[in-house]
Amino acid sequence: MTACKACVLTCMDFRIQSAVANWLRERGLSGKYDYLALPGASRNFVAEGKLALVEYSYRLHHIQEVYLVHHEDCGAYSLGDLPVEEQLARQRQDMELAARLLKERHPELKVYLAFLYLDGRMVELTG
Ligand SMILES: [Zn+2]
């Protein structure tokens, strides 16, 4: 039986699903992650119960890594009129807050932040 290595929290947006799956496959994670696809990914991380869901994955499957994957033109943020780098900067605040909360509660977890452009480029941010 393959162990679960990671929990992935990304957006539900249909436009990003295949790119996210491909990126995870390239990282060797196929079949080794719990997958949470919810509006805005880590936006409102605590208030919308996302922290609790990631911790559910942690307790059930003993994950070592968490991936927070946000994307350009996210409907949950309604920032689509802004330049993409501003969208990224705004979303990054939420990603970093979520990463900080996770690491405070589970210092052994590795948390990775990534942002997907709609042209298919995935950029990993240093957390
Ligand atoms: Zn979205």
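Numbers below:
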item	result
Residue check for residue 28: more than 12 Å from the chain's Cα centre (by Cα) and among the small types (Gly, Ala, Ser)	yes
Complete set of residues in region 53-85 that are at negative phi, open to solvent by 60 Å² or more (accessible area, probe 1.4 Å) and away from the ligand (no atom under 16 Å from the Cβ)	53, 56, 59, 60, 61, 64, 83, 85
Residue check for residue 40: more than 14 Å from the chain's Cα centre (by Cα) and at positive phi	no
Within region 1-18, considering residues that are within 16 Å of the ligand (Cβ to nearest atom) and outside any helix (DSSP H, G or I), the one surrounded by the fewest Cβ atoms within 10 Å (Cβ to Cβ)	12
Region 19-45, subset under 20 Å from residue 102 (Cβ atoms) and aliphatic (A, V, I, L, M), residue nearest to the ligand (Cβ to nearest atom)	41
When residues of region 1-18 are limited to those that are polar (S, T, N, Q) and free of Cβ contacts under 8 Å to residues at least 24 places away in the same chain, the one nearest to residue 96 (Cα to Cα)	17
Those residues of region 39-52 which are among the acidic types (Asp, Glu) and buried (at least 19 other Cβ atoms within 10 Å of the Cβ), in sequence order	none
Given (1) over 14 Å from residue 6 (Cα atoms); (2) free of Cβ contacts under 8 Å to residues at least 40 places away in the same chain; (3) open to solvent by 20 Å² or more (accessible area, probe 1.4 Å), index of the condition residue 36 fails	(1)
Residue under evaluation residue 21, criteria (1) part of a helix (DSSP H, G or I); (2) exposed (fewer than 15 other Cβ atoms within 10 Å of the Cβ), criterion not met	(2)
Criterion: open to solvent by 50 Å² or more (accessible area, probe 1.4 Å), in contact with a helix residue (DSSP H, G or I) (Cβ under 8 Å, 6 or more places away or on another chain) and over 23 Å from residue 2 (Cβ atoms) - qualifying residue of 100, 92, 121, 105	105
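The values are calculated or read from the model by the stated rules, or taken from the named source; none is laboratory data. Predicted, not measured: the structure shown is a model, and the values here were computed from it. Note: ideal-geometry Cβ built from the backbone for every residue, glycine included; neighbour counts use all protein chains shown. Areas reflect the complete protein model, heavy atoms only, side chains present, ligands, DNA and RNA absent. Shrake-Rupley method; radii C 1.70, N 1.55, O 1.52, S 1.80 Å.
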